[in-house]
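Asker: Could you have a look at this structure, given as structure tokens, before my questions?
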Amino acid sequence: MPVQMNASADNRREAADIVLRVENIRKTYGSLVALRNVTIDIRRGTIHGLLGENGAGKSTLVGIISGQKSPTSGTIRLDGHEIFHADVRSMEEAGVFLVTQEPMIIDHISAAENLMLGIWPSRRGFVRWKKLKADAARMLEGSNINPEARAGSLDAVARRKLNILRAMFSGGKVIILDEPTAALTVPDRRQLFEFMRQLKQKGVTFIFISHYNEEILEICDAVSVLRDGSLAGGTDDVRSLTSEQLSELVLGRGLDLFQRDRRAAEGPVAIQLRNVIAPHVQVDSLELRAGDVVGFTGLPGAGAKELARTIFGLHPAREGTISFDGGPGERLPTHPRDALDRGIAYLSDDRRKDGVVGHLSIAANIALSSLDERSWMGFIDSKREARLCDDYFASMGIKAPSPLVAVDTLSGGNQQKVCLGRVLATRPRLLILDEPTRGIDIGVKQDVLRIIDQLSRTGVCVIIVSTDTDELVRAVDRVLVFRSGSVQEVVTGGDITTGNLRNLSQA
Amino acid sequence: MTAIVSTAKGSAAPKGDKLHQTIRWVLHNVVWIWLFALVVGFGLFNEFFLTVMNMQNIMVQATVLGMLGLAVALPLLVAEIDLSIPANLGFSSAIGALAYSDLGMPWFPAMMVGVAVATLIGFFNGLCITKLRMVSLIQTLSMMIILQGALLALTQGKTLTNLSDGYVWIGQASVAGWPVMPLIFILSLVLIGIMLRMTVFGRSIYAVGGNPAASNSAGIRVDRIKIITYTVSGFLAGVAGFLLASWQMAITSNQGSSYLLYAIAAPIIGGVSVFGGRGNVTGILGGVLLLTVIQVGLAITNVPSFYVGMIGGFMIFIAVAIDAIRVRYFA
């Protein structure tokens, strides 16, 4: 492997150069080892990438650095000083901030107040509202966020920006960005990277977590890779690496990127939508043939996601019909149950919000959407259920001690597999996947795309709602580009390229 | 569709960390251990406590609280609450009793009328909370006040004692010296336990309580589940009302109101989460027995009555504190 190990590379460096040193960190949960004696040095004024598969221990490590979790053993040194019993508050005071995957935003207060949460300008214990508002307005300049807006009314992108801005302006020395680009559009991402570079010049240090190799290669100076709770490797000079080498380091094996053989639309129409009108979206006609994999893309709010949720009954339609296999037009589903009963399944993009029931077991979650199929007079047939769950537990490759473990304890990618298992267990004829690979690592991503491909070969129609152009290029037969609530463009065959899709959806 | 991918690497099998496991086990069963300790403790203080007669007494005492505990637990499991259950108990039993004494109905249909009214009240609460999106805490608080007031109005402040022999039979009957009434509680406990564990409805309750949005997306009709839950809960309150009146052979003008806090405390002590989705009938039984043992024990160990409330409160506090420590450090 053409990559130096961290320890040997960093031992040669001067101590003053290192702003944060994580030393021999070990974390166990009961008998489960999440981190095995990890040592990483992070140099001042660099952007340090942190890579690894789902469940490799990234979130745990970041949790420890930010003070949310305490290590079982090991030390953290900030500017050479050891930090004892750190909690979030004291780490933030020391200048270490975490911007998480799940934006921590309080919905019912304004953007300005969220921005200043915990750092309220005050005089003798009283909040100075005028100064708060003025400061917030200055910070939010150029972000297109109205400081007075209620945070709950902001979309996912704005909420993420808000969190990033909050950390950046709170005087952070070390800012940890946990997949900051996951929901951002290309210009937003560019803007964010530019901003990070500016702050880097001023000596701010970033720990940057991402699943995208190209992002790591573009923005990071150094990188550390975790695999199964151990440090798999790393380098102080990212420029010496290629994307393939990075993937190999992450997976511990060569990666074989999935590419679907695109098919031209042929065969009878399996599903037809007509004159669909719902809030923020309007589509005259959409035809899916058996085995089609269709991508929906567009900026947030452009209608791609809205149409997907309308078909599943989560976003009530005002008008419109759906017909199956050339049959008569039926009204659109009014409730997810209605949709599932007609063979339409939907995988949410926000698995924590409306994907999994965290405290229930993996098995219970997998069974949740198809309980009636395996029950008699309202009683669950537990044998058939156990069989079903074992099947999906194995075929999805879920990493967990057993199917009876609570979903809460799993990493994001494994939770996504549980959701996918639940959805597939309903045996849909139309499968709608909303950002199916958001926040999951590149290895699992290939698995998911492969599962989708194999499903389509059995005649299932698939809709993939995605802003990840690479995913669309690899997985779909045609792409519908949405703009202001309607389909603006249909891209097929060889025209489906990352560049093309980016241009069209951002235009 | 089966067998698609396999990327699973062998996951580390949990190794036995014995001390940790033991502590976990102890804390997990803290209600039962605490219950056992109190029974032994009270038994040492007063030899009457461990007699068969007193055990029977505890079982009878636990019956009404147990029915109410079950009724309160169901809304808690779907992450809502119903404060009106003890008031529902009092009001519905008065309706049943008046249907017999004033309308001249035979006692059994009259009792059924009472239970039906309780069930309807539960159904109505469910409707308000789901279809009108009323906040359950306040909606059921107001329902509680309404029902307490209605009971006072119905009885005109008097105690109803005109109950038929058939009506009071269950509260007094015994077979070979053992009271019959606790059987109703045990039966309810088993039925609710089966419902929660083995049915689609029970699974749906846990899912809705854990994450309503995800349950909705998974195809569960969340509103329907909540309404049925409140309805079953109302039914249990009605049966509890019948049992209490039958046992006491009287319905006072504030029947049931003294049960409010204990009926809420019992399932929570037994591990039912106030945030929904967690809890089971075994825990509820433990909570109910614990509270009953504390009450009965303090009553017969000659603790001066001025201290009973305070000591009982402390004992509950300890149970809850230990459980909190379990969740905090050993979850």
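Asker: Name every residue in the stretch B:285-306 that is part of a helix (DSSP H, G or I) and over 15 Å from B:PHE42 (Cβ atoms), in order of residue number.
Answerer: Matches in the stretch B:285-306: B:LEU285, B:GLY286, B:GLY287, B:VAL288, B:SER305, B:PHE306.
Residue by residue, here is whether (1) closer than 16 Å to A:ARG159 by Cβ; (2) in contact with a helix residue (DSSP H, G or I) (Cβ under 8 Å, 6 or more places away or on another chain) holds:
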site: A:THR72; (1), (2): no, no
site: A:ARG77; (1), (2): no, no
site: A:ILE83; (1), (2): no, yes
site: A:ARG89; (1), (2): no, no
site: A:GLU92; (1), (2): no, no
site: A:LEU98; (1), (2): yes, yes
site: A:ILE105; (1), (2): yes, yes
site: A:HIS108; (1), (2): yes, yes
site: A:PRO121; (1), (2): no, yes
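Asker: Does A:GLU93 satisfy being in the same structural domain as A:GLU53 (by TED's automatic domain parsing) and under 28 Å from A:ARG438 (Cα atoms)?
Answerer: So A:GLU93 does not fit the description; no.
Asker: Which residues, counting only those in the stretch B:185-199, are surrounded by 18 or more Cβ atoms within 10 Å (Cβ to Cβ) and more than 19 Å from B:GLU80 (Cα to Cα)?
Answerer: B:PHE185, B:SER188, B:LEU189
Asker: A follow-up question, please. Which number in (1) surrounded by fewer than 19 Cβ atoms within 10 Å (Cβ to Cβ); (2) modelled with pLDDT of 95 or more marks the one condition that B:GLY157 misses?
Answerer: With (1) surrounded by fewer than 19 Cβ atoms within 10 Å (Cβ to Cβ); (2) modelled with pLDDT of 95 or more applied to B:GLY157, the lone miss is (2).
Asker: For the stretch A:326-353, which residues satisfy the criterion of being open to solvent by less than 10 Å² (accessible area, probe 1.4 Å) and in a helix (DSSP H, G or I)?
Answerer: The answer is A:PRO336, A:ALA339.
Asker: Please verify whether the stretch A:238-257 includes one or more residues that are touching a residue at least 60 places away in the same chain (Cβ under 8 Å), within 30 Å of A:CYS461 (Cβ to Cβ) and not aliphatic (A, V, I, L, M).
Answerer: Yes, there is a match, as at least one residue in the stretch A:238-257 is touching a residue at least 60 places away in the same chain (Cβ under 8 Å), within 30 Å of A:CYS461 (Cβ to Cβ) and not aliphatic (A, V, I, L, M).
Asker: Report those helices (runs of 4 or more DSSP H) wholly inside the stretch B:12-94 carrying at least 3 residues which are open to solvent by less than 60 Å² (accessible area, probe 1.4 Å) and farther than 17 Å from B:GLY283 by Cα. Even if it seems obvious, please write down each step before you answer.
Answerer: Values: elements: B:18-28, B:30-45, B:52-77.
Of the helices (runs of 4 or more DSSP H) lying wholly inside the stretch B:12-94, those with at least 3 residues that are open to solvent by less than 60 Å² (accessible area, probe 1.4 Å) and farther than 17 Å from B:GLY283 by Cα span B:30-45, B:52-77.
Asker: Hey, which of the helices (runs of 4 or more DSSP H) in the stretch B:211-282, taking only ones fully inside, have at least 3 residues that are closer than 30 Å to A:LEU420 by Cβ and within 14 Å of another protein chain (Cβ to nearest Cβ)? Full working, then the answer.
Answerer: Working: elements: B:212-217, B:222-248, B:260-269.
Output list reads B:212-217, B:222-248.
Asker: Okay, moving on. Does the stretch A:450-459 hold any residues that are closer than 14 Å to A:ASP292 by Cβ and open to solvent by less than 10 Å² (accessible area, probe 1.4 Å), and which are they?
Answerer: If the condition is that a residue be closer than 14 Å to A:ASP292 by Cβ and open to solvent by less than 10 Å² (accessible area, probe 1.4 Å), then A:ILE452, A:LEU455, A:SER456 are the ones that fit.
Asker: Need at least 2 residues that are surrounded by 19 or more Cβ atoms within 10 Å (Cβ to Cβ) per element, so show me which strands (runs of 3 or more DSSP E) inside the stretch A:29-129 make the cut, counting only ones lying wholly within it. Outline the logic, then answer.
Answerer: Details: elements: A:32-43, A:47-52, A:73-78, A:81-83, A:96-99.
Counting at least 2 such residues, we get A:32-43, A:47-52, A:73-78, A:96-99.
Asker: Scan the stretch A:489-501 and give yes if some residue there is open to solvent by 10 Å² or more (accessible area, probe 1.4 Å) and touching a Phe, Trp or Tyr at 6+ places or on another chain (Cβ under 6 Å), otherwise no.
Answerer: Scanning the stretch A:489-501 turns up no residue that is open to solvent by 10 Å² or more (accessible area, probe 1.4 Å) and touching a Phe, Trp or Tyr at 6+ places or on another chain (Cβ under 6 Å).
Asker: Could you list, in sequence order, the residues of the stretch A:374-408 that are under 20 Å from A:VAL444 (Cα atoms), open to solvent by 60 Å² or more (accessible area, probe 1.4 Å) and more than 10 Å from chain B (Cβ to nearest Cβ)?
Answerer: A:ASP390
Asker: Specify which of the listed residues (A:ILE25, A:ILE42, A:ILE64) is of a type in the set (Val, Ile, Thr), in contact with a helix residue (DSSP H, G or I) (Cβ under 7 Å, 6 or more places away or on another chain) and either assigned by TED's automatic domain parsing to the domain that holds A:MET91 or at pLDDT below 90 (or both).
Answerer: Details: A:ILE42 fails: in contact with a helix residue (DSSP H, G or I) (Cβ under 7 Å, 6 or more places away or on another chain); A:ILE64 fails: in contact with a helix residue (DSSP H, G or I) (Cβ under 7 Å, 6 or more places away or on another chain).
None of the other options fit; the residue is A:ILE25.
Asker: Any idea how many residues of the stretch A:226-247 are touching a Lys or Arg at 6+ places or on another chain (Cβ under 9 Å) and within 20 Å of A:VAL33 (Cβ to Cβ)?
Answerer: So the answer is 6.
Asker: Have a look at A:ASP390, A:ASP447 and point out the one that is acidic (Asp, Glu), farther than 26 Å from A:ILE271 by Cα and at pLDDT 90 or above.
Answerer: On the way: A:ASP447 fails: at pLDDT 90 or above.
Result of the check over A:ASP390, A:ASP447: A:ASP390.
Asker: Which one is farthest from A:ASN500 (Cα to Cα), of the residues in the stretch A:460-470 that are more than 10 Å from chain B (Cβ to nearest Cβ) and either surrounded by 23 or more Cβ atoms within 10 Å (Cβ to Cβ) or modelled with pLDDT of 90 or more (or both)?
Answerer: In this case the residue turns out to be A:CYS461.
Asker: Further question: So which residues in the stretch A:306-360 are at the interface with chain B (Cβ under 8 Å from one of its Cβ atoms) and small (Gly, Ala, Ser)?
Answerer: Of everything in the stretch A:306-360, those that are at the interface with chain B (Cβ under 8 Å from one of its Cβ atoms) and small (Gly, Ala, Ser) turn out to be A:ALA339, A:SER348, A:GLY355, A:GLY358.
Residues are listed down the side, and each one gets a yes or a no for (1) surrounded by fewer than 24 Cβ atoms within 10 Å (Cβ to Cβ); (2) of a type outside the set (Gly, Ala, Ser); (3) touching a residue at least 12 places away in the same chain (Cβ under 8 Å):
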position: B:ALA207; (1), (2), (3): no, no, yes
position: B:ALA213; (1), (2), (3): yes, no, no
position: B:GLN248; (1), (2), (3): yes, yes, yes
position: B:ASN280; (1), (2), (3): yes, yes, yes
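Asker: Could you grab me the full set of residues in the stretch B:259-278 that are in contact with a helix residue (DSSP H, G or I) (Cβ under 8 Å, 6 or more places away or on another chain), open to solvent by 20 Å² or more (accessible area, probe 1.4 Å) and farther than 26 Å from A:ALA364 by Cα?
Answerer: B:TYR259, B:LEU260, B:TYR262, B:ILE264, B:ALA265, listed by residue number.
Asker: So if I check each of B:VAL239, B:VAL303, which one is β-branched (Val, Ile, Thr) and touching a residue at least 12 places away in the same chain (Cβ under 8 Å)?
Answerer: Every option except B:VAL239 fails the conditions.
Asker: Can you pull out every residue in the stretch B:131-145 that is more than 18 Å from the chain's Cα centre (by Cα), in a helix (DSSP H, G or I) and surrounded by fewer than 19 Cβ atoms within 10 Å (Cβ to Cβ)?
Answerer: The answer is B:ILE138, B:SER142, B:ILE145.
The values are calculated or read from the model by the stated rules, or taken from the named source; none is laboratory data. Everything numeric in this text was worked out from a predicted model, so none of it was measured. As a convention, Cβ positions derive from the backbone with ideal geometry for all residues, glycine included, and neighbour counts pool all protein chains shown. Heads up: the accessible areas ignore ligands, DNA and RNA and are worked out on the full protein's heavy atoms, side chains in. Shrake-Rupley method; radii C 1.70, N 1.55, O 1.52, S 1.80 Å.
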